[in-house]
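> The structure that follows is given in the form of structure tokens.
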Amino acid sequence: MLILRFVLALAMALSLNACQTIDDQNSDLFSMTEDILKNGGRESVAYRSLNIFAYDETENGRRARNIINKYPSFKKNYPSYLRADVFNADTSARMVDLHRIVREASLKDLISQEDEQNILKEIDRLSAEANINNKIDFYYSDDIRLFPSLNAPEAQSIIFRRSVGKLATSNSPDNALIKGVFEKARASGAKSQDAAMVLAVLPSMKLTAEDLRKYVAPVFPEQAKRLLEERAVEVRLIIEPEDRLFYEDVATKLRTISPNLILITSGGAAVTVTVKKLQWEERREPERNQSIVYSQGDVSLLAASLLMPRNASYQYDLTTGGIELAYAFEIKANGKGMPPYDHLLRNKIIRSWRSCSNARIQNVFGGIQRADFVANDHMRRTCNGDLPVSVDRLRDNVLDEVARSIEKIPAITRIAPLH
């Protein structure tokens, strides 16, 4: 038995080694890189490999830097390879990334401070040229503060026009883009050409209510106020039969659709929504508990040999249960200038669950010890089920469905993205 256990343990170790880890792959990469540098030639290949890790505060990063420092002639050429990357950059994101890399290379003593300053000047110069000739599109959403030349009036004018165009067509504009455009318009003045350019496309911008208040209102207060008023929709919610608790739950869900959705309880509303409860039936499946027992022969061979006494049994407790919820709602809406909305929401939710606990090993003498391993594939399948779910959780899921059905009402769909 001792020999068998040794053989099985050795087989497990060999099977683990057969699947090479990422660390092993990186180790091979470093070994091949060192071979390249020892034999000379193909330094650019070594640079590509080492530059991936050279700035990391990890063991791979330290190993990459050690290799660079180990070969002085290669390290001497390192700035040249960085310059080549700069000249080949074709996106603003790449320029920003290279700015960081060059700074890190200097901090990690891979290049001198003089090389750092020279390469950063090249990045700045090439960025300004690429911005003017449209080789690289810079926007206010980029970190243009890194490039002093992009603060020049001509460069700023190009970035502004480009950013306005992007803001007019983007479905989900970046906050930095919005902020940059409206701050530039504000600095130029309300009667400037910059301001006129922004106002011309303002209605087409996909701005949220928060964007309008935070960025637009300080520059164009009247336009921001009008847009906010146009996007607000007053909604009156009616529950049939009357149910105060259900009303509050649905109202809470509706308020999360958009802050522009304003719930009122009396008077005229742009949209009146009626939710009529047609069916609501809950059924619980009683919890059942049973003990599952495996003989040693039913347990996976390796675990049985190494972790269980002879002729012991593996046991655990299985608990099962379930909940079923059938529901139906009639959702209607009407309002001035909108076609009637009539939707039947009907569904059934069935949630069965099972959980395993108290895994243990019982020896032939009755002694019990805790089991910290899965016995076999049958246990893995049995215990890999859904966790217990409460009726309250299912009710909340139904409320979400009701809210989504209401959100499909055209007048509400229009404001839903405008948070």
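> Under 8 Å for C-alpha pairs, at least 6 residues apart: give me the relative contact order for the range 147-242, rounded to a whole percent.
Details: 63 pairs, mean separation 23.2, N = 96.
Reported as a whole number, the value is 24 percent.
> Right, here's the next one. Which loop-located GluC sites (Glu not before Pro) does the range 270-322 contain, where loop means any DSSP state but H, G, I, E or B and the Cβ has at most 15 other Cβ atoms within 10 Å?
Working: sites: E281, E282, E287; in loops: none.
Here no GluC sites (Glu not before Pro) fit, given the DSSP loop and packing criteria.
> Enter the accessible area of S80 (Å², nearest 10), with the probe set to 1.4 Å and all protein chains included.
Ignoring ligands and nucleic acids, S80 comes out at about 70 Å².
> I'd like the distance separating the alpha-carbon centroids of the range 115-171 and the range 44-73, in whole Å.
After rounding, the separation between the Cα centres reads 31 Å.
> Tell me, what ³J(HN,Hα) does each residue in the range 265-279 have, in order and in whole Hz, if you take phi through Karplus 6.51 cos²θ - 1.76 cosθ + 1.60 with θ = phi - 60° and put x for Gly and Pro?
Ordered by residue, 3J(HN,Hα) equals 10, 8, x, x, 10, 5, 9, 10, 10, 10, 10, 10, 7, 9, 8 Hz.
> Hey, another quick one. I'd like the antiparallel share, as a percent to the nearest 5, of DSSP beta bridges with both residues in the chain.
80 percent
> A further question follows. When the dipole is taken about the Cα centre of the chain, and only Lys, Arg (+1) and Asp, Glu (-1) are charged at their Cβ, what size is it in debye, to the nearest 20? Walk me through the numbers on the way to the answer.
Details: 57 positive and 55 negative charges, 69 e Å.
Dipole size: approximately 340 debye.
> Using R₀ = 25 Å, calculate the FRET efficiency as 1/(1 + (r/R₀)^6) where r is the Cβ-Cβ separation of I262 and E210; round to 0.05.
Values: r = 16 Å, r/R0 = 0.64.
The computed FRET efficiency comes out at 0.95.
> Per the 1.4 Å probe, what fraction of the accessible area of the range 273-369, in percent, lies on carbon and sulfur atoms? Each step should come with its number before you reach the end.
Working: 2720 of 5760 Å².
It is 47 percent, rounded to a whole number.
> Roughly how far apart, in whole Å, are the Cα centres of the range 360-391 and the range 182-222?
Computed from Cα coordinates, the inter-centre distance equals 63 Å.
> Moving to a separate point now. So, with +1 on the Cβ of K and R and -1 on the Cβ of D and E, and no other charges, what is the size of the charge dipole of the range 89-241 about its Cα centre, to the nearest 20 debye?
560 debye
> Within the chain, what's the longest stretch lacking trypsin sites (Lys or Arg not before Pro) that sit in DSSP loops with no more than 16 other Cβ atoms inside 10 Å?
With trypsin sites (Lys or Arg not before Pro) excluded where exposed in loops, the chain gives 207-309 as its longest stretch.
> Taking the dipole about the Cα centre of the chain, with the C-beta of Lys and Arg at +1 and of Asp and Glu at -1, give me whichever of N39, N358, T256 is farthest to the positive side.
T256
> Using the Karplus equation 6.51 cos²θ - 1.76 cosθ + 1.60 (θ = phi - 60°), what ³J(HN,Hα) coupling, rounded to whole Hz, does each residue of the range 195-212 give in order, writing x for Gly and Pro?
Each residue's phi maps through the Karplus curve to give 5, 5, 5, 5, 4, 5, 10, 4, x, 8, 6, 8, 9, 7, 4, 5, 4, 4 Hz.
> When the accessible area of the range 75-169 is computed with all protein chains present and a 1.4 Å probe, what percentage of it is carbon and sulfur?
After summing per-atom areas, the C and S share lands at 48 percent.
> Picking from Y316, P286, A168, whose Cα lies most toward the positive end of the charge dipole for the chain (charges on Cβ: Lys, Arg +1; Asp, Glu -1)?
A168
> From the Cα gyration tensor of the chain, with a ≥ b ≥ c the square roots of its eigenvalues, which class applies: rounded if a/c is under 1.5, or else prolate if a/b is larger than b/c, or else oblate? The partial results should precede the final answer.
Details: a/c = 4.18, a/b = 1.04, b/c = 4.03.
It comes out oblate by the Cα gyration axes.
> Here's a follow-up. Taking a ≥ b ≥ c as the square roots of the Cα gyration tensor eigenvalues, with a/c under 1.5 meaning rounded and otherwise prolate when a/b beats b/c, else oblate, which class fits the range 310-419?
Verdict is prolate for the range 310-419.
> Moving on to the next point. At a Förster radius of 60 Å, what calculated FRET efficiency corresponds to the Cβ-Cβ distance of D392 and E57, to the nearest 0.05?
For R0 = 60 Å, the calculated efficiency reads 0.85.
> Once Lys and Arg get +1 and Asp and Glu get -1 on their Cβ, which of L387, L29, L302 lies farthest toward the positive end of the dipole of the chain?
Going by the Cα projections, it comes out as L387.
> If you don't mind, another one. Shape call for the range 273-334 from the C-alpha gyration tensor, a ≥ b ≥ c root eigenvalues: rounded (a/c under 1.5), prolate (a/b greater than b/c) or oblate?
It is prolate, given that a/c is not under 1.5 and a/b is the larger ratio.
> Just how many pairs of Lys in the range 235-383 have C-alpha atoms closer than 20 Å, counting pairs that are eight or more places apart or on different chains?
7
> Something else about it: May I ask you to derive the FRET efficiency for K121 and R414 from their Cβ-Cβ distance with R0 = 60 Å, giving the value to the nearest 0.05? If you can, show how the numbers build up before the last one.
Numbers: r = 51 Å, r/R0 = 0.84.
Efficiency, rounded to the nearest 0.05: 0.75.
> Where does the chain land at 222 nm, in deg cm²/dmol rounded to the nearest 500, when only DSSP H runs of n ≥ 4 count, each adding -39500 (n - 2.57), divided by all residues? The partial results should precede the final answer.
Details: 16 runs with 207 residues, N = 419.
Mean residue ellipticity at 222 nm (helix-derived): -15500 deg cm²/dmol.
> For the chain, what is the accessible area per residue in Å² when the probe is 1.4 Å?
It amounts to 57 Å² per residue over the chain.
> Enumerate the whole-percent occupancy of each 5 Å bin, from 0 to the last occupied one, for all C-alpha pair distances of the range 16-115.
Percent of Cα pairs in each bin: 2, 12, 23, 23, 18, 13, 5, 3, 1, 0.
> Whenever you get a sec, compute what percent of the accessible area on the range 199-262 sits on carbon and sulfur atoms (1.4 Å probe).
52 percent
> So, with +1 on the Cβ of K and R and -1 on the Cβ of D and E, and no other charges, what is the size of the charge dipole of the range 300-386 about its Cα centre, to the nearest 20 debye?
Once rounded to the nearest 20, the dipole reads 40 debye.
The values are calculated or read from the model by the stated rules, or taken from the named source; none is laboratory data. Keep in mind that what you see is a predicted model, and the values were worked out from it rather than measured. Methodologically, a virtual Cβ is constructed for each residue, glycine included, from the backbone with ideal geometry; neighbour enumeration extends over all protein chains shown. For the accessible areas, the whole protein counts, side chains as well, though only heavy atoms, and no ligand, DNA or RNA atoms are used. Shrake-Rupley method; radii C 1.70, N 1.55, O 1.52, S 1.80 Å.
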